[in-house]
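Have a look at the structure below before the remarks.
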There are 2 protein chains.
Amino acid sequence: MRYSIADAARRAALALVVSAALPLAALAEEAGEKTDVSSFTLDNGMQVVVIPDHRAPVVTHMVWYKVGSADEAPGKSGIAHFFEHLMFKGTSTYTNGEFSKAVADVGGNENAFTSYDYTAYYQQVAPSELGEMMGFEADRMRHLVLSEENIETERQVVLEERRQRTDNVPSAILSEELNATLYQNHPYGIPVIGWEREVEGLTHDDLKAFYDRFYTPNNAILVVAGDVEPDEVRQLAEKSYGAIPRGPDLPQRTRPMEPDQKTARSVTFSDPRVTVPNLSINWFVPSQRRAEKGEFEALAILSEVLGEGLRSRLYQELVVKQGIAASAGSYLQASAYDYSGLVVYGEPRGDADLAAVEKALAAEIERIKKDGITAEELETARKKIERDMIFARDSQVRTANIFGATLATGGSVEDITGLSERLAAVTPDSVKAVAQRYLDLSHAVKGYLLPKEEEKRS
Amino acid sequence: MRYSIADAARRAALALVVSAALPLAALAEEAGEKTDVSSFTLDNGMQVVVIPDHRAPVVTHMVWYKVGSADEAPGKSGIAHFFEHLMFKGTSTYTNGEFSKAVADVGGNENAFTSYDYTAYYQQVAPSELGEMMGFEADRMRHLVLSEENIETERQVVLEERRQRTDNVPSAILSEELNATLYQNHPYGIPVIGWEREVEGLTHDDLKAFYDRFYTPNNAILVVAGDVEPDEVRQLAEKSYGAIPRGPDLPQRTRPMEPDQKTARSVTFSDPRVTVPNLSINWFVPSQRRAEKGEFEALAILSEVLGEGLRSRLYQELVVKQGIAASAGSYLQASAYDYSGLVVYGEPRGDADLAAVEKALAAEIERIKKDGITAEELETARKKIERDMIFARDSQVRTANIFGATLATGGSVEDITGLSERLAAVTPDSVKAVAQRYLDLSHAVKGYLLPKEEEKRS
């Protein structure tokens with residue numbers, strides 16, 4: 001299917017959301033018994049991962065740059081995402097849209113997405129087209145034309161995207177300020193798409209410096225999944241990407257980290273477009289990379305038991321048994337470099353009000369902290385995550401995404417292939433311990449989305 | 001009076017607080033009829049302001065550096081304030097404590113303070129000692145010994161200061177996170193003293209780079225008030241400061257600015273040490289430098305009428321008439337480069353609870369937005385500010401502070417001497433307009449300080 005750059009960007013945001021909110025389950029192992037994931041590094045420092053998948057004559061070609069919005073300089077927010085647009089413009093070799101046209105001409109798909117920690121580009125095509133895709137992708141890694149015309153055109157597209165997706169969407173407005181409140185110091189508090197006025201202020205020099213610093217082979221990861229063999233990928237990659245000189249050596253990514261949180265905070269947005277109110281209770285937790293051994297896996301089990309899916313405690317208690325909520329649950333964000341988010345949410349139903357839902361959510365949080373979980377709950381949650389891993393394996397793009405996102409956020413192939421083993425080490429006690437450590441309501445940030453007439457006193 | 005460095009630092013923080021919360025009134029004009037303020041610039045770019053005051057044989061000698069916590073690099077918070085300590089250590093010319101001893105030996109006072117936008121050092125001595133003070137002060141501008149020993153000693157002092165003044169003080173804990181919530185993007189959300197872990201992580205190289213960049217004559221302002229003549233000051237300054245080579249030219253200070261605020265937020269801290277709860281309602285407003293013409297003066301009048309002093313509306317309504325509050329008022333912060341803060345606060349009394357006080361505060365806010373203020377209220381407020389200006393003139397240090405803070409935050413001598421005229425241009429309509437523009441409860445950040453037992457549902 002062929003789509004315009006604007007469409008590509010729209011789809012990209014979907015991928016971003018999916019990726020950002022990806023439950024740990026999706027970090028699942030695709031490898032193991034069936035697949036033979038291999039990885040190697042080109043002479044110029046570009047990392048390559050190949051995930052053979054011979055079920056269909058199709059290949060997914062992705063390049064991940066280890067740069068996202070959290071790597072932007074202060075006052076320059078939106079620059080990483082801006083490139084997700086600019087990369088679809090012309091290079092010194094190809095004209096505007098020529099790459100997209102080539103993808104469409106061979107019946108392929110393409111897309112791109114930006115997160116706090118990475119920016120990724122991909123095409124899905126027949127294996128015979130892989131070399132051509134690499135040629136185009138390697139070309140735009142270094143030869144993008146950053147003309148004032150391209151910049152101004154895409155700036156307007158990005159600003160319009162921001163208006164449509166954030167400024168006109170009550171839940172997105174709330175979410176943006178909720179993040180800014182949750183993160184008092186870390187750049188995860190700054191929106192990926194950027195603050196409007198900062199996007200308006202980005203200059204050619206800002207963009208050029210960013211491109212030269214971060215769009216280099218030694219800051220990129222090539223992920224190829226599909227009907228190919230590693231040797232073939234290596235040959236093609238050496239010919240295309242291998243010809244690009246190494247860029248500057250970048251220091252390890254160090255972002256300002258969070259102080260201990262000591263207060264309870266709330267963010268409330270009231271808008272006439274909101275028909276049903278909802279609330280969320282938010283914490284940040286250490287990312288998989290930063291967590292103490294076993295903690296992140298225990299958090300994943302905690303979130304499963306507490307609120308993921310129809311069998312979870314929150315759903316059973318608030319939706320099924322008490323009948324006060326239309327929805328209730330929790331999720332753990334994954335694939336972030338510094339922190340992940342743990343979110344508990346609920347939406348009232350019928351005569352119940354938001355306060356009743358909040359009270360019931362708090363009661364379940366206190367119960368799991370006090371009594372922990374049972375061995376049966378642990379086993380069910382573990383099986384569910386394992387099953388989700390197997391489901392994930394069915395999608396080539398999703399599998400490639402898991403590897404790309406893990407590697408781009410400081411993880412390794414082994415972090416993915418060893419997940420089952422790490423999950424097996426989780427105990428009811430370790431889950432209770434993380435519940436007590438992290439689910440502290442006096443340090444949480446609550447988000448309230450309210451209809452205009454129902455102004456909340458807070 | 002002689003005091004140790006630790007004492008000096010303690011007093012410094014007091015000055016910091018006073019300066020940060022200085023009402024606009026204090027930005028008052030010291031000049032006008034009586035004083036003949038003169039200013040000039042040395043060849044190396046150092047700005048000099050002389051405020052003759054011959055009432056007593058005393059002189060106040062201050063050096064203001066145009067660098068504060070908002071100029072720190074991400075992840076390096078506390079570095080500006082760290083220098084407030086290091087500057088009392090030895091230089092390549094003098095040993096540790098030699099400058100302080102010299103001040104004490106002549107019966108002088110000294111102090112230093114750090115804010116978001118500046119760091120300042122001063123001594124108050126007899127006029128005959130001015131040259132010696134300038135010699136010491138000019139010496140430590142460029143010849144500080146940043147030894148590992150000095151750094152580690154002062155790091156422990158700063159961390160202890162942080163523990164005593166912030167981490168052990170409920171209102172300070174609340175205030176720190178309230179600021180972090182109010183400012184979603186601007187570094188005014190980061191505490192002047194720095195986040196604990198970032199102070200722990202500051203290195204010799206961080207400090208050296210900061211010192212070489214910001215501690216230069218062309219980034220400094222000399223303010224001398226007292227029993228001296230401008231020519232004398234010029235001669236002495238040229239001999240001491242004038243001998244220091246110009247430092248690097250710094251670009252205009254540009255910090256990441258705030259996006260439009262769209263949500264209502266709250267920050268709650270509950271602690272057993274709190275006996276009486278209180279609440280504040282906080283907004284940021286443009287600083288004097290950034291405000292539209294007349295807006296800042298209208299905001300100063302607004303704050304006066306609404307809540308400054310015993311005759312203000314909030315005090316009269318909540319404390320006197322309704323008797324529900326032990327205190328209630330408002331204030332406008334001044335002397336900041338990018339934003340100022342507008343704060344409304346209250347504390348319940350007797351049987352009244354915090355909700356009753358909040359409701360009454362909100363009612364007064366809505367009333368002033370709807371009906372504005374009367375010509376009489378405007379006149380009374382203006383006279384009160386004028387009177388405060390005259391009182392300020394009585395303190396040499398305070399007068400010097402006003403000039404230093406104004407110049408260090410992008411203002412000019414004329415901003416001070418012309419204040420009366422600008423206040424005279426404020427009308428009831430312009431006050432009503434700023435009330436409507438800025439006092440928006442749906443975009444405010446509320447702070448609640450609560451006794452532990454009285455957990456607030458928010």
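The values are calculated or read from the model by the stated rules, or taken from the named source; none is laboratory data. Bear in mind the structure is a predicted one, so any value in this text is a computation, not a measurement. In this analysis, Cβ positions are derived from the backbone assuming ideal geometry, glycine residues included, and neighbour counts consider all displayed protein chains.
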Subject >> Residue tally, condition under 28 Å from B:G410 (Cβ atoms) and of a type in the set (V, I, T), over the stretch B:101-131 >> reply: 2
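Among the residues of the stretch B:159-177, write down those that are of a type in the set (G, A, S) and surrounded by 19 or more Cβ atoms within 10 Å (Cβ to Cβ). Steps first, answer last, please.
Just the residues of the stretch B:159-177 that are of a type in the set (G, A, S), to begin with: B:171-172, B:175.
Across the stretch B:159-177, the qualifying residue is only B:S175.
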Subject >> Residues of the stretch B:104-131 satisfying the condition of being crowded, with 24+ Cβ neighbours inside 10 Å and either on the phi > 0 side of the Ramachandran plot or β-branched (V, I, T) (or both) >> reply: B:T114, B:T119
Subject >> Where a residue in the stretch A:73-92 is within 14 Å of another protein chain (Cβ to nearest Cβ) and under 18 Å from A:A120 (Cα atoms) and its partner, wherever it lies, is surrounded by fewer than 24 Cβ atoms within 10 Å (Cβ to Cβ) and at pLDDT below 95, with Cβ under 9 Å and at least six apart >> reply: none
Original post:
Which fully enclosed helices (runs of 4 or more DSSP H) of the stretch B:120-186 have 3 or more residues being within 14 Å of chain A (Cβ to nearest Cβ) and in contact (Cβ under 8 Å) with a residue 12 or more places away in the chain?
Top reply: B:170-182
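In the same structural domain as A:S280 (by the TED database), surrounded by 15 or more Cβ atoms within 10 Å (Cβ to Cβ) and free of Cβ contacts under 8 Å to residues at least 40 places away in the same chain: does that describe A:A356? So that I can check it myself, show each step before the final result.
Values: in the same structural domain as A:S280 (by the TED database): yes; surrounded by 15 or more Cβ atoms within 10 Å (Cβ to Cβ): yes; free of Cβ contacts under 8 Å to residues at least 40 places away in the same chain: yes.
It is true that A:A356 is in the same structural domain as A:S280 (by the TED database), surrounded by 15 or more Cβ atoms within 10 Å (Cβ to Cβ) and free of Cβ contacts under 8 Å to residues at least 40 places away in the same chain.
Could you count how many residues in the stretch A:193-217 are in a loop (DSSP other than H, G, I, E, B) and either more than 14 Å from every other protein chain (Cβ to nearest Cβ) or more than 22 Å from the chain's Cα centre (by Cα) (or both)? Quick ask: steps written out before the conclusion?
Just the residues of the stretch A:193-217 that are in a loop (DSSP other than H, G, I, E, B), to begin with: A:193-195, A:202-203, A:215-216.
Going one step further and asking which of them are either more than 14 Å from every other protein chain (Cβ to nearest Cβ) or more than 22 Å from the chain's Cα centre (by Cα) (or both), we end up with A:202-203, A:215-216.
Total meeting the criteria: 4.
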Subject >> Residue satisfying condition, being at pLDDT 95 or above and part of a strand (DSSP E or B), within set A:V223, A:V228 >> reply: A:V223
**OP:** Mind listing just one residue for me: the one in the stretch A:273-289 that is hydrophobic (A, V, I, L, M, F, W, C) and farther than 27 Å from B:E196 by Cα and, of those, nearest to the other protein chains (Cβ to nearest Cβ)?
**Re:** A:L279
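Given the options B:R197, B:R234, name the one that is at pLDDT 95 or above, over 30 Å from B:S395 (Cβ atoms) and basic (K, R).
Numbers: B:R234 fails: over 30 Å from B:S395 (Cβ atoms).
After applying the criteria, what remains is B:R197.
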**OP:** Mind listing whichever residues of the stretch B:247-272 are more than 9 Å from chain A (Cβ to nearest Cβ), surrounded by fewer than 19 Cβ atoms within 10 Å (Cβ to Cβ) and within 27 Å of the chain's Cα centre (by Cα)?
**Re:** B:P248, B:D249, B:L250, B:P251, B:Q252, B:R253
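Going by the conditions given, is B:I301 more than 30 Å from A:N168 (Cα to Cα), outside the structural domain of B:S395 (by the TED database), touching a residue at least 24 places away in the same chain (Cβ under 8 Å) and touching a Leu at 6+ places or on another chain (Cβ under 8 Å)?
Working: more than 30 Å from A:N168 (Cα to Cα): yes; outside the structural domain of B:S395 (by the TED database): no; touching a residue at least 24 places away in the same chain (Cβ under 8 Å): yes; touching a Leu at 6+ places or on another chain (Cβ under 8 Å): yes.
Taking the combined requirement at face value, the residue does not satisfy it.
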Original post:
What are the residue pairs meeting all of these: first residue in the stretch A:424-448, first residue among the hydroxyl-bearing types (S, T, Y), second residue part of a helix (DSSP H, G or I) and surrounded by 14 or more Cβ atoms within 10 Å (Cβ to Cβ), Cβ atoms under 8 Å, and 6 or more apart or on different chains?
Top reply: A:T427/A:L378; A:S430/A:E295; A:S430/A:A298; A:Y438/A:L299; A:Y448/A:L174; A:Y448/A:L354
Original post:
Does A:V320 count as at pLDDT below 95 and either more than 14 Å from chain B (Cβ to nearest Cβ) or in contact with a Cys (Cβ under 8 Å, 6 or more places away or on another chain) (or both)?
Top reply: no
